[in-house]
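**Q** For reference, the structure I am asking about is given below.
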Amino acid sequence: MAVPVSRPKLRTAFKKARSIAPLYTSGPVAVTVDGSRIFTTVVDEVLLTNVENGTEICRFAGDTQSVTSLCVSVSAQRLVVFTSSQSLRVYEIPQSSEPASKPIQPTRVIARAHDAPVHVSKIDPTSSYVASGSADGVVKVWDIARGYVTHVFKNHGGVVSALAFNYPQDPSSITNERKFQLVTASVDTRIRIFDLIARSAGGAKPEAVLEGHVSVPRGLDVSIDGKWLVSGGRDSVALVWDLASSQSSPKKSNKGKDKVKAVAPTLVKTVPVLERVEAIGFLHPDEDLSGSTSHPDKLRFYTAGEHGVIKIWDARDGKLLHTLGRSQHEIPGESEEQRQIVDALYLPSKSTVISIHADQNILFYSLSTQSLTRQFIGFNDEIVDASFLSPNFSKAAGEAPAKDTHLALATNSSLIRLYNSTSSDARLISGHSEIVLCLDHSADGRILASGSKDRTARVWAPYADSNDANSWGYSCVAVCEGHAESVGAIAMPRSSEGDTADAPPQFMFTGSQDRTIKMWDISGVPQDSPVPSFSEDDTEAQTEVVKCKSLTTHKAHDKDINALDVSPNDRLLVSGSQDRTAKVYEIDFVPGTRGRPPRGELRLVGTCKGHKRGVWTVRFGRAERLLATGSGDRTVRLWSLEDFSCVKTFEGHTNSVLRVDFLNAGMQLVSSASDGLVKLWNVRDEECAATMDNHQDKVWALAVSSDETTIVSGAADSVVTFWQDCTEEQEQEKLAKRTEQVLKEQDFLNYLSLNDYRKAIELALAMDQPGRLLSLFRDVRSKSAALELESDEPSITGHPSVDEVIRTLGSPDLVKLLRHVRTWNANAKTSEVAQTVLYAVVKLRTADDVMRAFGDEVHGLALGDEIDSDNGEKHQVAGSTAFKELISAIMPYAERHQARLDKLVQESYMVDYILSEMDDGMFDGDDVVMDEADDGQ
């Protein structure tokens, strides 16, 4: 007796769980003091992002001009933004972490704050004032709350390049009166110090002018005790100034007679940084570096610049203490990437330094562990391929390996992006010298393979297990060289059954524009790589890259090879090409034993012909002997591996199908295309079960998780979308709604049987079932006419209880009832009920009462009609506008019904006249005879 096999349930719906969108394109960056939120610029908008999980909290509405400078207050309550239109915009920062649906509008806008663009701005430690420096050499200090200028400092001799407030926050270090100064730097290489407390005319002149740089200073910072100033510039030096120096300089009084002594800052240390400095700042005295004992009297600062690293210096002796990151000249193949740092931010509360790089990456370095703890990739450009990975970096002993914890992306770059699947924490993997075109993973998801335009394929292995959970990533462990053109397709073995489940892959296939397929021996490739150090102080462990040997080279197609795939049992290989065919090969692989090298061959067993344009994607079925192909002819075809004939064709995409994969034991297909859509197909009936739309350009990348509950799509619009299976949720919601509806319908019938018209009418309005409400009013009228109910109070609707319900109906229900009346009134069959209910409302409710009901709708007491606006969005119509529209819709039909009734009355008189003329007094005599007979009786 055959045991029936239960088929998996078809999936019918996928929802957008999360997405990875552009986070940072260029421009300024700011972080809150607690390090939980980061402000970045994307084109002309400012984004607020949660640092922990990478989710976007809100966007701040811009003025369509690029953002030139922004700063956030220490209290994290206000954001100040300057744009290229010379405007100043102040925003209130939302305190909630829930994503906002609408952009945050500014609370204050100053249209022309400066006469030139503002490139630097700074908010003082009290969150009361903001200083802005423009390209015309003018510095203004603004009162943020009131929006007016408190100080104006001119004659900087060029573009203002850096700003810093001197407001000592350590009371124990203050011996004299409290200071409040502004330190500025400009392209004239001078540093100026202004007193913000002075209110006299001399307050506009600097207290001191410091000369020491020979190029533009790009960074300024004052220690928390207000005693030290550090400056760094593009002259590759950092200068340490003593602001509390005892050196005096003669200064004439206003009358020019007496001389007074003024304290002038002195240069105490010149530190050669040996790179152009773009950012500089002091570290807190109690900052703990590498677990060493901190000394409050130590003075340390950091620098960041063209080499793309963070350097920690001792300000007193000028020694380099630590270096975080890898220098640009040490990163191979970086000719197209600009890794230099354009800005750096210091977070004392987190002991973290954040570096913002020119290639739109944001890196978080921990000063205590001297390691990279987090990385945000600001912009991915065009995404061409994606692959799930299961490296199990932090797997505990005895714990089952987690699946699909990371996602690898190939973009329009030589660097591979590696994302954590649950957050936006990412890493960049370098190795290729040109753009990466394709990705694939091993059966267990641990090993990653990539093909590039540099004519090579590389194999990547995860870092070995380490105690630091933040130290994760991949390193290149093998390279495959031999193709004459770009490697555009790559495939690794799929078998994950039996003894081979945990075995490393033995071979790999690559397809190239040189129209050949190569089979590579990767049996000797390491399965992990050592954890590299992110500090240049330590000797970095290097992984020896294995050069793989080609087992066979097969001339496969007449044009470029676009896709490869290996069957689930590792016995077949399929290739798709621009020559409009897909070819299936038998894999003959013999592993090396007893000193014998491994052998591999490919034998052509069949060709799938039928597509009218090039084949972009191929995929073997996971359960049955089937093959799916996607082509530029906008179709997905299903082929039998028995005779290589096309058994099904799926049509629905409006452009080239770029990726395809199987779901649900081969019962469903998922495809992506150049039309920006991802479609889910039912194989049996060839119908589209669901369409997922979240992209504006070609969807090149498509990846399905191991449990098939998550689909990832990546497109040329730089957006990666995670689609989560919500079939069960949708069915449960439908079942819950259906159950609730049945219960309400039963309650409605019970209320009618008990003549409880109030609850029946209210329930019908709540269920939004105008048909039941119409039947109720009809039944009331028919019962009233049949029983000829007599009452002291005349009934308008047919029953006094119904009249009372209409008279006391709440505002939301009254508005809903009148809208149903508007609908009924448009039909002659239901107009009688509509006119009856409308007459009851007019008689039983005052005009002010009805107007008040529509007025309450504005405050959310009732739902308004949703009408499509010009831009396709929905908006609600409520209040007096809705009332006017209601009356305007009722009046024409009411006049038409009145005219129809008048016409019927006139026609009835004509019928009476015709009947009277037709009998010609024939029955008048009979009537008289009958009357006499009656009298005789």
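**Q** Name every residue in region 559-569 that is crowded, with 20+ Cβ neighbours inside 10 Å and not β-branched (V, I, T), in order of residue number.
**A** Correct list: N562, A563, L564, D565, S567.
**Q** Restricting attention to region 402-450, and to residues there that are of a type in the set (S, T, Y) and surrounded by 21 or more Cβ atoms within 10 Å (Cβ to Cβ), which single residue is farthest from the chain's Cα centre (by Cα)? Show your work before the answer.
**A** Restricting attention to region 402-450, the residues satisfying the condition of being of a type in the set (S, T, Y) are 405, 411, 413-414, 419, 421-424, 430, 433, 442, 450.
Filter again for surrounded by 21 or more Cβ atoms within 10 Å (Cβ to Cβ), leaving 411, 413-414, 419, 424, 442, 450.
Values: T411: 18, S413: 21, S414: 24, Y419: 14, S424: 10, S442: 29, S450: 26 Å.
Among them, the one singled out is S442.
**Q** Considering region 861-900 alone, what residues qualify as being small (G, A, S) and modelled with pLDDT under 80? Outline the logic, then answer.
**A** Initial filter on region 861-900 (small (G, A, S)): 862, 864, 869, 872, 878-880, 882, 888-889, 894, 899.
Hits for region 861-900 are A862, G864, S869, G872, A878, G879, S880, A882.
**Q** Which ones in region 700-711 are under 12 Å from L677 (Cα atoms) and part of a strand (DSSP E or B)? Before you say what the answer is, go through the steps one by one.
**A** Pass one, region 700-711, residues under 12 Å from L677 (Cα atoms): 700-702.
Selection gives A701, L702.
**Q** Kindly list the number of the only condition in (1) among the hydroxyl-bearing types (S, T, Y); (2) in a loop (DSSP other than H, G, I, E, B); (3) touching a residue at least 12 places away in the same chain (Cβ under 8 Å) that fails for T649.
**A** The number of the failed condition is (2).
**Q** Next question, about the same structure. For region 83-101, give me each residue that is surrounded by fewer than 19 Cβ atoms within 10 Å (Cβ to Cβ) and under 20 Å from the mean Cα position of the chain (by Cα).
**A** Passing the criteria: P94, Q95, S96, S97, E98, P99, A100, S101.
**Q** Also, quick follow-up: With among the basic types (K, R) and at pLDDT 85 or above as the only criterion, which of R845, R822 stands out?
**A** The unique qualifying residue is R822.
**Q** What do you reckon, is L70 modelled with pLDDT under 90, over 15 Å from the mean Cα position of the chain (by Cα) and among the hydrophobic types (A, V, I, L, M, F, W, C)? I'd like the intermediate steps shown before the answer.
**A** Numbers: modelled with pLDDT under 90: no; over 15 Å from the mean Cα position of the chain (by Cα): yes; among the hydrophobic types (A, V, I, L, M, F, W, C): yes.
When the stated conditions are applied, L70 does not pass them.
**Q** Say whether the condition of being farther than 24 Å from L564 by Cβ, in contact (Cβ under 8 Å) with a residue 12 or more places away in the chain and crowded, with 18+ Cβ neighbours inside 10 Å is met by at least one residue in region 631-641.
**A** Our first condition is that a residue be farther than 24 Å from L564 by Cβ; within region 631-641, this holds for none.
No, every residue in region 631-641 fails to be farther than 24 Å from L564 by Cβ, in contact (Cβ under 8 Å) with a residue 12 or more places away in the chain and crowded, with 18+ Cβ neighbours inside 10 Å.
**Q** Output the residues belonging to region 451-466 that are over 30 Å from the mean Cα position of the chain (by Cα) and touching a residue at least 40 places away in the same chain (Cβ under 8 Å). Spell out how you get there, then give the answer.
**A** Kept after step one, since they are over 30 Å from the mean Cα position of the chain (by Cα), are these residues of region 451-466: 454-459, 464-466.
Listed by number, the residues that qualify are D454, R455, A457, V459, A464, D465, S466.
**Q** On the given criteria, is G203 closer than 19 Å to S132 by Cβ, of a type outside the set (F, W, Y) and at pLDDT below 90?
**A** Numbers: closer than 19 Å to S132 by Cβ: yes; of a type outside the set (F, W, Y): yes; at pLDDT below 90: yes.
Yes, satisfied.
**Q** Follow-up. All but one of (1) over 21 Å from R11 (Cα atoms); (2) crowded, with 19+ Cβ neighbours inside 10 Å hold for S645; state the number of the condition that does not hold.
**A** Among (1) over 21 Å from R11 (Cα atoms); (2) crowded, with 19+ Cβ neighbours inside 10 Å, the lone unmet condition for S645 is (2).
**Q** When you scan region 168-179, do you find a residue that is among the acidic types (D, E), at pLDDT 90 or above and under 45 Å from the mean Cα position of the chain (by Cα), even just one?
**A** Looking for residues that are among the acidic types (D, E), at pLDDT 90 or above and under 45 Å from the mean Cα position of the chain (by Cα), one finds none in region 168-179, hence no.
**Q** Something else now. Any idea which residue in region 539-586 is farthest from W460 (Cα to Cα), counting only those that are outside any loop (DSSP other than H, G, I, E, B) and among the β-branched types (V, I, T)?
**A** Kept after step one, since they are outside any loop (DSSP other than H, G, I, E, B), are these residues of region 539-586: 546-547, 549-555, 561-566, 572-577, 581-586.
Those still in the list that are among the β-branched types (V, I, T) too: 546, 552-553, 561, 566, 574, 581, 584.
Values: V546: 11, T552: 22, T553: 23, I561: 23, V566: 19, V574: 24, T581: 31, V584: 27 Å.
Ranking the candidates gives T581 first.
**Q** Name the residue, out of A628, A716, A665, that is in contact with a Pro (Cβ under 8 Å, 6 or more places away or on another chain) and either of a type outside the set (A, V, I, L, M, F, W, C) or in contact (Cβ under 8 Å) with a residue 40 or more places away in the chain (or both).
**A** Numbers: A628 fails: in contact with a Pro (Cβ under 8 Å, 6 or more places away or on another chain); A716 fails: in contact with a Pro (Cβ under 8 Å, 6 or more places away or on another chain).
On inspection, the qualifying residue turns out to be A665.
**Q** Can I ask one more? Among residues belonging to region 670-696 that are touching a Ser or Thr at 6+ places or on another chain (Cβ under 8 Å) and more than 15 Å from T635 (Cα to Cα), point out the one that is surrounded by the most Cβ atoms within 10 Å (Cβ to Cβ).
**A** H695
**Q** With the requirement that a residue be among the acidic types (D, E) and modelled with pLDDT under 90, what does region 180-200 give you? Full working, then the answer.
**A** First pass over region 180-200, keeping only residues among the acidic types (D, E): 188, 195.
Residue satisfying the conditions is D195 alone.
**Q** Is it the case, given these coordinates, that D499 is modelled with pLDDT under 95, out of contact with any Cys (no Cβ under 9 Å at 6 or more places or on another chain), of a type in the set (D, E) and not in a loop (DSSP other than H, G, I, E, B)? Let's see the steps before the verdict.
**A** Details: modelled with pLDDT under 95: yes; out of contact with any Cys (no Cβ under 9 Å at 6 or more places or on another chain): yes; of a type in the set (D, E): yes; not in a loop (DSSP other than H, G, I, E, B): yes.
When the stated conditions are applied, D499 passes them.
**Q** So, one more: So the check is Cβ under 9 Å with 6+ separation or different chains; which pairs have a first residue in region 214-227 that's on the phi > 0 side of the Ramachandran plot and a second one that's in a loop (DSSP other than H, G, I, E, B) and among the basic types (K, R)?
**A** So the pair list comes out as G226/K179.
**Q** Going by what's in this entry, would F589 be described as assigned to a strand (DSSP E or B) and modelled with pLDDT under 95? If you could, list the steps in order and put the result at the bottom.
**A** Numbers: assigned to a strand (DSSP E or B): yes; modelled with pLDDT under 95: yes.
Spelling it out, F589 is indeed assigned to a strand (DSSP E or B) and modelled with pLDDT under 95.
**Q** Let me ask something else. Given the condition surrounded by fewer than 16 Cβ atoms within 10 Å (Cβ to Cβ) and under 21 Å from S672 (Cα atoms), answer yes or no: does some residue in region 579-595 qualify?
**A** Filtering region 579-595 down to residues surrounded by fewer than 16 Cβ atoms within 10 Å (Cβ to Cβ) leaves 586, 588, 590-595.
Of the ones still in play, those that are also under 21 Å from S672 (Cα atoms) are none.
No, region 579-595 has no match at all.
**Q** Can we say L754 is touching a residue at least 40 places away in the same chain (Cβ under 8 Å) and of a type outside the set (S, T, Y)?
**A** No, not satisfied.
**Q** Have a look at T581, T553 and point out the one that is of a type outside the set (D, E, K, R), over 21 Å from L439 (Cβ atoms), at pLDDT 90 or above and more than 39 Å from the chain's Cα centre (by Cα). Spell out how you get there, then give the answer.
**A** Values: T581 fails: more than 39 Å from the chain's Cα centre (by Cα).
None of the others qualify; the one that does is T553.
**Q** What is the number of the single condition among (1) closer than 17 Å to Y148 by Cα; (2) surrounded by 15 or more Cβ atoms within 10 Å (Cβ to Cβ) that A111 does not meet?
**A** Of everything listed in (1) closer than 17 Å to Y148 by Cα; (2) surrounded by 15 or more Cβ atoms within 10 Å (Cβ to Cβ), A111 misses just condition (2).
**Q** Now, a different point. Suppose we filter R596, R637, R619 for residues that are more than 32 Å from the chain's Cα centre (by Cα) and modelled with pLDDT of 95 or more; which single one remains? I'd like the intermediate steps shown before the answer.
**A** Numbers: R596 fails: modelled with pLDDT of 95 or more; R619 fails: more than 32 Å from the chain's Cα centre (by Cα).
Just a single option satisfies the conditions, and that option is R637.
The values are calculated or read from the model by the stated rules, or taken from the named source; none is laboratory data. Because the structure is predicted, anything quoted here is derived from the model rather than measured. Virtual Cβ from ideal backbone geometry, glycine too; neighbours counted across all protein chains shown.
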